[in-house]
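Here the structure is laid out as structure tokens; the discussion comes afterwards.
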């Protein structure tokens, strides 16, 4: 995957905010709480610095993986914003963002990524992110973007706005909206279907009965408006290809097998 080095993360760029609303802006006088999700220690440190510039008294924690981030969010809660690297190891495409949006729907998530492709930006926003900030942003610009998101804006850099608006066709947008209706457990099953696992293998991985897995698969097919597991894999592959991201291993599963109808 394309990943910018942390020591080049803050080169000059100029950004403005786009209008939009998040659920719960930080109230005046309240201490903001942030979670940085990135596997690069140097870049986590750089993000800490940007957050501190925007909110000197903020409570900022970090996680080097998506499972670690989810453990922190489940144990503590009360976070005002998560800053997510799309290319964190063990996560495929938009899976990390979708996982956070599904399991923690009231948590605003800003994607901070080295993938400065309008296709990526358009899908990030379509999947419900509160903003997109390139990793090439300088610290002051990143701090300004964080403040704007906390205050209720959905942030996208000016130079990516117009291009990203035209990147998703109606079918892809409809499929993204359908995927967003899946429950956390259905998303796990969806990921395992895409990895080629059979129902009995999924049941083993999730420690549930095969009948339960069959029920999840049926509901996934219904929600995605497809008729077979093969169609599910095809549609998810189309979304990954449209995003331009490298489909690496997905969260919590990575075995291959037959798609099996």
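Where residues in the stretch 173-185 are closer than 11 Å to residue 102 by Cβ and surrounded by 19 or more Cβ atoms within 10 Å (Cβ to Cβ), which of them is nearest to the chain's Cα centre (by Cα)?
179
Does residue 200 count as part of a helix (DSSP H, G or I), under 21 Å from residue 126 (Cα atoms) and outside the structural domain of residue 93 (by TED's automatic domain parsing)?
Numbers: part of a helix (DSSP H, G or I): yes; under 21 Å from residue 126 (Cα atoms): no; outside the structural domain of residue 93 (by TED's automatic domain parsing): yes.
Judged against the criteria, residue 200 is not a match.
A quick yes/no check of all residues on (1) assigned to a helix (DSSP H, G or I); (2) within 24 Å of residue 186 (Cα to Cα); (3) in contact (Cβ under 8 Å) with a residue 12 or more places away in the chain:
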{"position": "78", "(1), (2), (3)": "no, no, yes"}
{"position": "88", "(1), (2), (3)": "no, yes, yes"}
{"position": "98", "(1), (2), (3)": "yes, yes, yes"}
{"position": "124", "(1), (2), (3)": "yes, yes, yes"}
{"position": "128", "(1), (2), (3)": "no, yes, yes"}
{"position": "132", "(1), (2), (3)": "no, no, yes"}
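Quick one: in the stretch 150-160, which of the residues that are farther than 27 Å from residue 33 by Cβ and surrounded by fewer than 16 Cβ atoms within 10 Å (Cβ to Cβ) is modelled with the lowest pLDDT?
Step one: of the stretch 150-160, the residues farther than 27 Å from residue 33 by Cβ are 158-160.
Keeping just the survivors that are surrounded by fewer than 16 Cβ atoms within 10 Å (Cβ to Cβ) gives 158-159.
Details: 158: 77, 159: 72.
Of everything passing the filter in the stretch 150-160, 159 is modelled with the lowest pLDDT.
Determine, yes or no, whether residue 145 is in contact (Cβ under 8 Å) with a residue 60 or more places away in the chain, touching a strand residue (DSSP E or B) at 6+ places or on another chain (Cβ under 9 Å), assigned to a helix (DSSP H, G or I) and surrounded by fewer than 23 Cβ atoms within 10 Å (Cβ to Cβ). Explain how you work it out, then say what you get.
Working: in contact (Cβ under 8 Å) with a residue 60 or more places away in the chain: yes; touching a strand residue (DSSP E or B) at 6+ places or on another chain (Cβ under 9 Å): yes; assigned to a helix (DSSP H, G or I): yes; surrounded by fewer than 23 Cβ atoms within 10 Å (Cβ to Cβ): no.
Against the criterion (in contact (Cβ under 8 Å) with a residue 60 or more places away in the chain, touching a strand residue (DSSP E or B) at 6+ places or on another chain (Cβ under 9 Å), assigned to a helix (DSSP H, G or I) and surrounded by fewer than 23 Cβ atoms within 10 Å (Cβ to Cβ)), residue 145 does not qualify.
The values are calculated or read from the model by the stated rules, or taken from the named source; none is laboratory data. Remember, predicted model here, so these are calculated numbers, not experimental data. Note that we place each Cβ from the backbone using ideal geometry, even for glycine, and neighbour counts take in every protein chain shown.
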